[in-house]
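Asks: My questions will all concern the structure given below.
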Amino acid sequence: MKDIILLPTYNEKENIKLIIPEIFNLYPDIYILVIDDDSPDKTAEEVRFLIKKYPNLSILERKKKTGLGDAYKKAIKEAIKNKDLRSIITMDADGSHSPQYLGEMLDNINNYDVVIGSRYIKGGGVENWEVWRRNLSKFGNLYANALTGIKISDLTSGFVCYKRDILEKVDFSKIDSSGYAYQIEMKYYLVNNLKVKYKEVPIIFKNRREGESKISNQIITEGIVAPLKLFIKKIWKK
């Protein structure tokens, strides 16, 4: 059975040069699909160059940037068509998610539907973050936990391994978030609607290697609004 990593990119040319060789050096048989949102820095061009060296690497090019959630939804819908896949992994391309954790995640996916790389369980953490960003992330998770009722410690984690069979059951039309809040809404859907069996494994989240952080007021606002919408849906059903 095969496993595939989805790497969404927007202006990650310098980082993609590093992360792809690192992954393949550790796991030469794994597959990688880069989802590029028409990066002005020609990230896609760099990936096409790397494809010549790595036959398990491919790229999905989108004509415009419509958000992280939209990128993942499109890529997942394509990936689950492959019945030979065992799992689908989402991770950042900027080096913040270390490939060293892939082994533990893949070891666990046979016994769980979802394995989450978590910063907020014992053994997890973050490196080189400003105090405001640490507090924002911790508060965001506590806020999302309180409103959704989901007990996952790191609801905003983007480092996740999904069993392909589970993703086949997801109705993506029910997941509204197109940006970073997709991470919260996806986990809520899986736990609340599909009753998945999940496990969190500790990771150390590192600051991005190159380029600027993509955190914006829009992302923060979406992170506030999305859990509130889920809370209202939950109450309305009652």
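Asks: Could you look through the stretch 69-125, keep only residues that are in a helix (DSSP H, G or I) and either acidic (D, E) or without any contact (Cβ under 8 Å) to a residue 40 or more places away in the chain (or both), and pick out the one that is least open to solvent (accessible area, probe 1.4 Å)?
Replies: Narrowing the stretch 69-125 to residues in a helix (DSSP H, G or I): 69-79, 99-108.
Now restrict to residues that are either acidic (D, E) or without any contact (Cβ under 8 Å) to a residue 40 or more places away in the chain (or both): 70, 74, 78, 104, 107.
Working: D70: 48, K74: 91, E78: 90, E104: 77, D107: 114 Å².
Here the residue is D70.
Asks: When the stretch 200-211 is examined, which residues are found to be surrounded by fewer than 17 Cβ atoms within 10 Å (Cβ to Cβ) and not in a loop (DSSP other than H, G, I, E, B)?
Replies: I204
Asks: Now for a separate question. Please go through the stretch 34-60 and pick out each residue that is touching a helix residue (DSSP H, G or I) at 6+ places or on another chain (Cβ under 7 Å) and among the β-branched types (V, I, T).
Replies: Listed by number, the residues that qualify are V34, I35, T43, V47, I59.
Asks: Let me ask something else. Of all residues being within 22 Å of L106 (Cβ to Cβ) and assigned to a loop (DSSP other than H, G, I, E, B) in the stretch 1-59, which is least open to solvent (accessible area, probe 1.4 Å)? Just the residue, please.
Replies: Selected residue: I30.
Asks: Let me ask something else about it. Against the conditions (1) in a helix (DSSP H, G or I); (2) open to solvent by 30 Å² or more (accessible area, probe 1.4 Å); (3) out of contact with any strand residue (DSSP E or B) (no Cβ under 6 Å at 6 or more places or on another chain), where does G140 fall short? Just the number, please.
Replies: Unmet for G140, out of (1) in a helix (DSSP H, G or I); (2) open to solvent by 30 Å² or more (accessible area, probe 1.4 Å); (3) out of contact with any strand residue (DSSP E or B) (no Cβ under 6 Å at 6 or more places or on another chain): (2).
Asks: Then there is this: I'd like to check something: does the stretch 46-55 contain any residue that is within 25 Å of V126 (Cβ to Cβ) and of a type in the set (D, E)? Walk me through it before giving the result.
Replies: Here is the first cut: in the stretch 46-55, the ones within 25 Å of V126 (Cβ to Cβ) are none.
No: the stretch 46-55 contains no residue that is within 25 Å of V126 (Cβ to Cβ) and of a type in the set (D, E).
Asks: Still on this structure, please answer the following. At pLDDT 95 or above and over 20 Å from K163 (Cα atoms): does that describe A75?
Replies: Working: at pLDDT 95 or above: yes; over 20 Å from K163 (Cα atoms): no.
No: the conditions fail for A75.
Asks: Go through the residues of the stretch 143-158 one by one and say whether even a single one is out of contact with any Pro (no Cβ under 6 Å at 6 or more places or on another chain), closer than 22 Å to A79 by Cα and either among the polar types (S, T, N, Q) or surrounded by 13 or more Cβ atoms within 10 Å (Cβ to Cβ) (or both).
Replies: yes
The values are calculated or read from the model by the stated rules, or taken from the named source; none is laboratory data. Computed from a prediction, not measured in an experiment: that's the story for all the values here. Neighbour counts run over all protein chains shown; Cβ positions are idealised from the backbone, glycine included. With ligands, DNA and RNA removed, areas are computed over all heavy atoms of the protein, side chains included. Shrake-Rupley method; radii C 1.70, N 1.55, O 1.52, S 1.80 Å.
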